[in-house]
Amino acid sequence: MTMRLGATAMFLACLCAGPALAQAVVREADGLPRPLHTYRSTTQHALIACGSPFAPQRPPVTPARAIGQYRACVVQAYSVVSPQFEAALRSLDDGSCVAALREYHGAFEKALTGMEPAPGESPFAYEQRQAFLFHAMAHAWGRFEIAESLVQ
């Protein structure tokens, strides 16, 4: 049952994030990816990497080791994502886009820090919480895309 719920949660997360991930890489005039695309891609990769210690299909590790791996990953993710977030903000001209990107970043931080299982949390409750966090993040990105499309 837990495996099925985990698979369902990951499917829903991919379903919500899939269209945005499938878009072509938008490049600046100098041929480098846009800071916004780099930031979004890095947040998605950070969630995948930091969630892997708790993945049900991964070989079992001790809870203490999984939490240690997760916490080290979160520190690494923040060190990489923070400068990219600042660069993405600087690349935006419109205040509503900046506000929407800040909301996405807040949802990303909640999802990233919410991956650690709570003490005594059942697998079902954990998977529901994860699905909610990823869904909220996908909606925040959708709101950013709407704000951005209204400016152009």
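Heavy atoms of the protein only, probe of 1.4 Å, neighbouring chains included. What is the accessible area of Thr62 in Å², nearest 10? Approximately 80 Å² for this residue. Taking every protein chain into account, the 1.4 Å probe leaves Leu101 with about 0 Å² of accessible area, to the nearest ten. Note on Phe132: accessible area is roughly 140 Å² with a 1.4 Å probe, heavy atoms of protein only. Take the Cα of Ala118, step 7 Å toward its Cβ, do the same at Phe132, and the gap between the two points is 0.8 nm. Spin-label model, Leu150/Ala55: points 7 Å from Cα along the beta carbon direction are separated by 3.8 nm. Applying the Karplus relation 6.51 cos²θ - 1.76 cosθ + 1.60 with θ = phi - 60° to the range 96-108 yields 3J(HN,Hα) values of 5, 5, 4, 4, 5, 5, 5, 5, 4, 5, x, 5, 4 Hz, where x marks Gly and Pro.
Per residue, the accessible area of the range 32-148 comes to 52 Å², computed with a 1.4 Å probe over protein heavy atoms only.
The values are calculated or read from the model by the stated rules, or taken from the named source; none is laboratory data. Keep in mind that what you see is a predicted model, and the values were worked out from it rather than measured. Counting neighbours? That spans all protein chains shown, and the Cβs are built from the backbone with ideal geometry, glycine included. Calculation scope for accessible area: heavy atoms of the full protein, side chains included, ligands and nucleic acids excluded. Shrake-Rupley method; radii C 1.70, N 1.55, O 1.52, S 1.80 Å.
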